[in-house]
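Below: one structure, written as structure tokens.
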Amino acid sequence: MKKRIYFDNNATTFAIPEVIELMAVTARTLCGNPSSVHSAGQEAKAALEESREKIASLLGAAKSSEIVFTASGTESDNTAIKGAAFANRSRGNHIITTLVEHHAVLNTCEYLSREHGFEITYLPVDTHGLVDPADVEKSLRDTTVMVSVMHANNEIGTIEPVEEIGRLLKNANRRREAASKPRALYHVDAVQSAGKIDINVQKMGVDFLSVSAHKFYGPKGVGCLYASSGADFHPLLHGGHHEGNRRASTENVAGAVAMARALELGVASAAQDGAKILSLRQKLESGILSAISDVRVNGHPSERLAGTLNAAFDYLDGESLVVALDMEGVCVSTGSACASGSTDPSHVITAIGCPPALARGSIRFSLGKFNTEREVDNVLAILPPAVKKLRAISPLYKSK
Ligand SMILES: Cc1ncc(COP(=O)(O)O)c(C=O)c1O
């Protein structure tokens, strides 16, 4: 059987064996409920709090209590945006976000608009997918309660100027508070960047930051939300007094322990892994561009996640290419995993101004720390004939 080549690390990563082992040992040995007063509960609680402290320190948070464990990046995004929107509803109903956010943010904003009367400004991006911080400033209204901008884009890898936006909001908020206007809270979706590029929530000036373990070689089903102690939000789940009344539900202790270790390993090896992944991606990118005609690379040339390569192949359908590559044992995806199955071109590729016909032919290769040069060579051998075959049956290519 052919060995599978997994180039879909932005959809999810394969967990580090050490991390999964740690999760299994924790689940086997720390079986108490962290809310219980007896020793079994308190042992579990100690492990949970140790993980919280580790994550807080790795993200540059001032206090460990600013980390709220959740079940996913989606839950973290929902908690930050809905939670802050509901808590600040009497102060304002305007939210600023971007056209290129993940659906966990976009659909949450859409829900707040549809069901709760919020007004949403969707900021445009340039052809590389970058938001202009000046647009954030121009869009602020007296009623703005939240600004949500992603750190790194899941489809094209572009890294947004989140620190600059944070500085700008800090100054704007100083002026707003002096004029008795509501503070515009700042949320950053760091699901694609955590554990890969440097994050310091205080330097970024964020009130909320979303993280998900399965994107940095941790387990699925666990994430966290950084919520600065000054930022008010309503919980999404109501019930017991878990997580300081901010997220009711018995905590996933083994998942939290595993996430903290995965983040620790990710931060420790980020520079080394990033350099290796970047050289693999560059080899793949230049190999594709030299072997195949009518291809456009989407995303910023330098301000981009090391492993992300979004390539739009003219005269073919991205879904067909994904299937053709899968038959050869290569796993890639068309844009966002959550949007695949839909025939509409991706909202991100559309937002950067890629013409619809070309946008339909875009696929995402996302490389990770377990990929090798040999795999890149194999993909460079498999891809050109696969593209040629699909173009041969494309009426558009024939009439070119
Ligand atoms: C930028 C971004 N935000 C949020 C999410 C959702 O994370 P999760 O899969 O943990 O719910 C993803 C997942 O692809 C993502 O890429």
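The values are calculated or read from the model by the stated rules, or taken from the named source; none is laboratory data. Keep in mind the model is a prediction, meaning the values are calculated, not measured. Reconstructed Cβ throughout: ideal geometry from the backbone, glycine too, with neighbour counts over all protein chains shown. Protein only, heavy atoms only, side chains kept; ligands, DNA and RNA dropped before computing areas. Shrake-Rupley method; radii C 1.70, N 1.55, O 1.52, S 1.80 Å.
Values as computed for the structure displayed
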{"quantity": "Most positive-pole-ward Cα, GLY318, THR143, GLY307, against dipole of the chain from beta carbon charges", "calculated": "GLY318"}
{"quantity": "Heavy-atom accessible surface of region 60-236: percent carbon and sulfur, 1.4 Å", "calculated": "47"}
{"quantity": "Set of region 42-76 residues, backbone N closer than 16 Å to the point 7 Å along the Cα-Cβ line of SER36", "calculated": "42-48"}
{"quantity": "Cα centroid separation, region 1-38 to region 258-277 (Å)", "calculated": "15"}
{"quantity": "Shape of region 171-312, Cα gyration tensor, a/c cut at 1.5", "calculated": "oblate"}
{"quantity": "Region 1-52 - Debye-derived log10 I(q)/I(0), Cα point model, q = 0.13, 0.20, 0.27 Å⁻¹", "calculated": "-0.49, -0.76, -1.01"}
{"quantity": "Region 60-236 - Rg over Rh from alpha carbon coordinates, Kirkwood radius", "calculated": "0.93"}
{"quantity": "Region 212-281, relative contact order [Cα under 8 Å, separation at least 6], %", "calculated": "31"}
{"quantity": "Pairs beyond 26 Å (Cα-Cα), from LYS3/LYS398; LYS276/LYS389; LYS45/LYS276; LYS63/LYS196; LYS63/LYS276", "calculated": "LYS3/LYS398; LYS276/LYS389; LYS45/LYS276; LYS63/LYS276"}
{"quantity": "Acute angle (nearest 10 degrees) that the helix 73-87 long axis makes with the longest principal axis of the chain, alpha-carbon atoms", "calculated": "50"}
{"quantity": "Taking the chain and dividing mean pair separation by its residue count, relative contact order in percent (alpha carbons under 8 Å, at least six apart)", "calculated": "23"}
{"quantity": "Per residue, in Å², the accessible surface of the chain once ligands and nucleic acids are set aside, probe 1.4 Å", "calculated": "42"}
{"quantity": "Cα-based equivalent ellipsoid of the chain: semi-axis lengths in Å, sorted from largest, via gyration tensor", "calculated": "36, 28, 17"}
{"quantity": "0 to 90° range, to nearest 10: angle between helix 253-291 axis and the chain longest Cα axis", "calculated": "20"}
{"quantity": "Surface accessible to a 1.4 Å probe, GLU18 within the full protein complex, Å²", "calculated": "90"}
{"quantity": "FRET efficiency, ARG4 to ASN171 (Cβ-Cβ, R0 51 Å, nearest 0.05)", "calculated": "0.55"}
{"quantity": "FRET efficiency, 1/(1 + (r/R0)^6) with R0 51 Å, evaluated for SER302 and ARG141 via beta carbons", "calculated": "0.95"}
{"quantity": "Heavy-atom SASA rank of SER64, SER57 (probe 1.4 Å, accessible area, largest first)", "calculated": "SER57, SER64"}
{"quantity": "Alpha carbon convex hull of region 252-400, projected area averaged over orientations, nm²", "calculated": "10.4"}
